[in-house]
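The values are calculated or read from the model by the stated rules, or taken from the named source; none is laboratory data. Keep in mind that this is a model prediction, so the values were computed, not measured. All Cβ positions, even for glycine, are placed from backbone atoms using ideal geometry, and neighbour counts span all protein chains on display. Areas reflect the complete protein model, heavy atoms only, side chains present, ligands, DNA and RNA absent. Shrake-Rupley method; radii C 1.70, N 1.55, O 1.52, S 1.80 Å.
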Amino acid sequence: MQGKDNAFYLDHLPDGTQNAAGSIMMDAACDGLFGDEINILHGHHMKNRSMFGGLDFYREEAYYLEHP
């Protein structure tokens with residue numbers, strides 16, 4: 001998702017429904033087609049490991065080596 005600002009999708013789903021979990025979104029300043037040299041994604045770090053919650057696994061070298 002990408003909005004006009006970086007606030008809307010923090011607490012809305014792609015269909016516009018309000019939801020505390022929100023959606024993963026691209027920064028409003030980025031090219032929406034991933035054409036920038038650096039593309040910034042925002043989202044919540046969820047305790048249930050959804051969205052960016054699974055990134056914690058990369059603290060372990062063995063996981064990283066299996067999932068580069």
When every residue in segment 35-46 that is out of contact with any Gly (no Cβ under 8 Å at 6 or more places or on another chain) and either under 11 Å from Gly22 (Cα atoms) or not hydrophobic (A, V, I, L, M, F, W, C) (or both) is compared, the one surrounded by the most Cβ atoms within 10 Å (Cβ to Cβ) is His42
Residues in segment 1-54 that are of a type in the set (A, V, I, L, M, F, W, C) and not in a loop (DSSP other than H, G, I, E, B): how many? 6
State the number of residues belonging to segment 11-34 that are of a type in the set (D, E, K, R) and open to solvent by 100 Å² or more (accessible area, probe 1.4 Å). 1
Could you tell me whether any residue of segment 31-40 is touching a residue at least 24 places away in the same chain (Cβ under 8 Å), among the hydrophobic types (A, V, I, L, M, F, W, C) and at positive phi? no
Criterion (open to solvent by 100 Å² or more (accessible area, probe 1.4 Å) and in contact with a helix residue (DSSP H, G or I) (Cβ under 8 Å, 6 or more places away or on another chain)) met by exactly one of Arg59, Arg49: Arg49
